[in-house]
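The values are calculated or read from the model by the stated rules, or taken from the named source; none is laboratory data. Small disclaimer: the values here were computed from a predicted structure and weren't measured. With ideal geometry, Cβ positions are generated from the backbone for all residues, glycine too; neighbour counts draw on all protein chains shown. For the accessible areas, the whole protein counts, side chains as well, though only heavy atoms, and no ligand, DNA or RNA atoms are used. Shrake-Rupley method; radii C 1.70, N 1.55, O 1.52, S 1.80 Å.
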Amino acid sequence: MASSCSVFFTILVFISLFLFYSASGTLVFPLKHSFSRTQFNSTHHLLKSTTVRSASRLHHHRHPHRQVSLPLTPGSDYTLSFSLGSQTISLYMDTGSDVVWLPCHPFDCILCEGKYNPTSIPNPGPINLTSAVPVSCKSRACSAVHSSLPSSDLCTIAKCPLEDIEISDCKSYSCPPFYYAYGDGSFIAKLYSDELSIPMSSPSLILQNFTFGCAHSALGEPIGVAGFGRGTLSLPAQLANNSPEIGNYFSYCLVSHSFDTNQVNRPSPLILGRYSVDEKMKQMKNYYSDYAYTPMLENPKHPYFYSVGLEGVSIGKTKIPAPASLRRVDRRGNGGMVVDSGTTFTMLPLKFYETVVTEFVRRVGPVLKRANPVEEKTGLRPCYYMDSGSKNVPQLLLHFGGNSSVVMPRRNYFYEFVDEKVKRKVGCVMLMNGGDEGESGPAGILGNYFQQGFEVVYDLEKKRVGFAKRKCASLWDNLNQH
């Protein structure tokens, strides 16, 4: 039973800068990559593990047990840290899910050993909740987390008497536990609410009835999630109820890392609200550029997705038109490309993927030797031995709806590393086969590896996603100074 004493959910400013506030009303969080080399015995192992998990993520997007997709385990996820009362906890930041959930005492996590590295996620929880109030079965939040089930059904499950259901008097009955299943794990949680206080200025930003899930049991998922999807229970949506200027516009800028530990450790800024760009920032070489915007596509079956239309891909000067399934979402909720911070690799439907790869091979094959053993070990293709250097790797552009095109930096789509076994430098295309075009759900995913070195903006008021080339570490430093 929750105590009557109110204890704030408080996001504090720690020495380690969990967040800071600018005078323009912008909240900035440092995102930390959960990747750790110690979890993998070789680069081949790292890439193979990540390709398998990316494929698993896409499968869950297409065949969800619930209307929420959840992040993968280490190697692909970014975390942010909160302080709740006197406790600090790290959560995955995920644009592919729309609820905030935490592991709570007592917490039983089955098959969770080795799922994360304590050095990269120092505050995994679980936490103790002493003041949070259970959410009523009558609430909209309860219906939302249970895939829009009617409150009468939910209150029946909560054992509210029939006479009370008939007169809508079931407020004292708690929302039933909900179940999430995803790629290689699941959990059961209950909804709670409390007051969320963000001390940014005077007065502090306070959210009444901030709603979150509290999980006491999980399978293969020891870390909680801060959902940033389009649903009503996501962190931005709840912020927007009180502060639309913060919740309806957010962006992140993922530091380019190429799985390099030194780069991974740099903070990537997560920015809630608009920030002002001064002349100094504009003059920084290779720093400031305008956004290339593309409209968000509405998805009637998966409304929490940030879906966009991919019109085509250019390899060098050859533009390859995308199939209709990538350009739009149909009435059944199938198609489109999901912009997803929780998936590592970018995935395209089979035929289109093969066409893109064939063009890449046509250009590179005559000058670079194919590294077939590396392809077998990593799950990526094509891969090449880079004995003659990378000057022969063609440029790649993504063409989105709204007549916007984004030039990809080579390191975003072509990963070079040393094959430890033969001591030769190799390079692999960072695209994956997303399966048959006729499958239900999204046709493709724009993964976070392609998003490195870009500020990716989610403008919920104008319903568009924007991409702008950035030096993300410099952006963090400049926002911190301001």
Simple spin-label estimate for TYR179/LYS462, 7 Å along Cα→Cβ, in nm, reads 4.4 nm
Run the quick spin-label model on SER440 and ILE157: label points 7 Å from Cα toward the beta carbon, then report their separation in nm to one decimal. 1.9 nm
Which whole-number value in Å² is the accessible area per residue of region 288-480, probe 1.4 Å? 39 Å²
Using modelled amide H (1.01 Å from N, peptide plane; none on Pro or chain starts), what sits under 5 Å from the amide H of GLY125, excluding residues fewer than 5 places away? SER90
Residues whose modelled amide H sits under 5 Å from the amide H of MET93, counting only those 5 or more places away in sequence or on another chain, are TYR78, THR79, LEU80, ALA226
Using a cut-off of 14 Å between beta-carbons, work out the net charge of the residues near CYS160 (Lys and Arg +1, Asp and Glu -1, CYS160 not included). -2
Could you give me the ³J(HN,Hα) list for region 376-393, computed from phi with Karplus coefficients 6.51, -1.76, 1.60 and θ = phi - 60°, whole Hz, x at Gly and Pro? 5, 7, 9, x, 9, 6, x, 10, 9, 7, 9, 4, 9, x, 9, 5, 8, 7
Two-site FRET efficiency, VAL367 against ASP330, from Cβ-Cβ distance with R₀ of 45 Å, rounded to 0.05: 0.60
Cα-based reach from LYS171 at 17 Å (exclusive), listing lysines while leaving out same-chain residues under 8 positions away: LYS138, LYS159, LYS190
In the structure displayed, which of LYS301/LYS463; LYS319/LYS369; LYS369/LYS469; LYS317/LYS377 lie more than 22 Å apart, Cα to Cα? LYS319/LYS369; LYS369/LYS469; LYS317/LYS377
Students often get this wrong: which residues of region 128-162 have the backbone nitrogen under 18 Å from the point 7 angstrom along Cα-to-C-beta of HIS105? 128-133
Ranked packing of 94-105, 331-342, 402-413, 163-174, most packed first, by mean Cβ within 10 Å: 94-105, 331-342, 402-413, 163-174
When only alpha-carbon atoms are used, what values of Rg and Dmax, in angstrom, describe region 288-480? 17.2, 53
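Tell me, what % of the accessible area of region 288-480 is carbon and sulfur with a 1.4 angstrom probe?
Heavy-atom surface of region 288-480 belonging to carbon and sulfur, 1.4 Å probe: 49 percent.
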Express in nm, to one decimal, how much length is gained between ASN128 and SER405 on full extension, taking 0.36 nm for each residue of separation and deducting their alpha carbon distance. 95.0 nm
Extreme residue, positive dipole direction of region 288-480, given options VAL418, GLY402, CYS472 (C-beta unit charges): VAL418
Give, in nm to one decimal, the length gained when the segment between ASN242 and THR318 is fully stretched (0.36 nm per residue of separation minus the Cα-Cα distance). 22.6 nm
Checked region 279-389 against the a/c 1.5 cut and the a/b vs b/c comparison, axes a ≥ b ≥ c from its Cα gyration tensor; verdict oblate
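Can you tell me how much longer the chain between SER390 and VAL422 gets when fully stretched, taken as 0.36 nm per residue apart minus their C-alpha distance, in nm with one decimal?
So the chain would gain 9.6 nm between SER390 and VAL422.
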